[in-house]
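Here the structure is laid out as structure tokens; the discussion comes afterwards.
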Amino acid sequence: MRKKIVAGNWKMNKTLVESQALITEIRGIVRDENTNKAEVIICPTFLALPSASKLLDGSTVKLGAQNCHFEESGAYTGELSASMLKSVGVSHVIIGHSERRQYFHETNEMLAKKTTSAVNQGLTVLFCVGETLQERESGSHFDIIKSQISEGLFHLSAKDMSLVVIAYEPVWAIGTGLTASSEQAEEVHAFIRTLLTEKFGEAISQEVSILYGGSVKPDNAAELFSQMNIDGGLIGGAALKARDFFDIIKAIK
Ligand code: PGA
């Protein structure tokens, strides 16, 4: 049975001290109230990762980063590698978030190299895909998602796929308050699973968790998570408040 996952993407929010406070709060709530139905991952700023790793020692909450470079080391000023992330206790890394694709011009080709680098370090990749509003309105969203998935992930081996989680995040739903309806999301999730089946076979495609992201809130999470191919969520804004984040975690049944 594939894993149910709720991951918090904190983006460029929270100073070190603020991050430590939120991590401590989330850790406490998960310890006291967790129903253990979902794996919980938090992805704070790079700066907070080493101390987050210590604060989460002994907790079931997993630690993720929001990006990594595709090389292990070298002359790439300002960048961080997958091996560096691993060395401070990170187990997950978000790759291909639409904000990275849009503002930092990350291409499918670069993202394919990043996934290889992360997987080679044994990190689990939270690989994001999703269409813009214009792409949805013109009806090209399935083609866009197909190329994001095939160009970003299909160079991996079937074995590597055990370290891949996919997040479908329609760009028009991120931070906008506009959520995809559960039918719209399920349609794309089922499509992604079909792509995985065609490439890797039924057994592997059934094991890959596919998360939905884009304005997930405590009041819409249960409906989204009730869909057959929606295995949890990648949460932005609502992950910055411990109570909201936990209410979303509780929506996993
Ligand atoms: P949001 O962000 O929940 O604030 O829409 C989701 C994401 O970008 O991962």
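Quick note: the coordinates plus some simple rules give every number you see, no bench work behind them. None of the values given here were measured: they were computed from a predicted structure. Cβ placement follows ideal geometry from the backbone for every residue including glycine, while neighbour counts extend to all protein chains displayed.
Things to note:
- The smallest convex shape that holds all Cα atoms of the stretch 16-149, its convex hull, gives 139 Å³ per residue.
- Over the stretch 5-250, relative contact order from alpha-carbon pairs under 8 Å, at least 6 apart, %: 20
- For the chain, the alpha carbon convex hull comes to 116 Å³ per residue, rounded to a whole number.
- In the chain, helices alone account for a calculated mean residue ellipticity at 222 nm of -13000 deg cm²/dmol, with every DSSP H run of four or more residues adding -39,500 (n - 2.57).
- Ordered by the number of other Cβ atoms lying within 10 Å of each residue's own Cβ, fewest first, Ser98, Ser147 fall into the sequence Ser147, Ser98.
- Exposure proxy order (Cβ contacts within 10 Å, fewest to most) of Asp143, Asp160, Asp57, Asp231: Asp57, Asp143, Asp160, Asp231
- Restraint check, Lys11/Lys250; Lys4/Lys250; Lys14/Lys241; Lys62/Lys253; Lys86/Lys146, Cα-Cα greater than 18 Å: Lys11/Lys250; Lys62/Lys253; Lys86/Lys146
- Radius of gyration over Kirkwood radius for the stretch 130-208, both on Cα atoms: the Rg/Rh ratio is 0.99.
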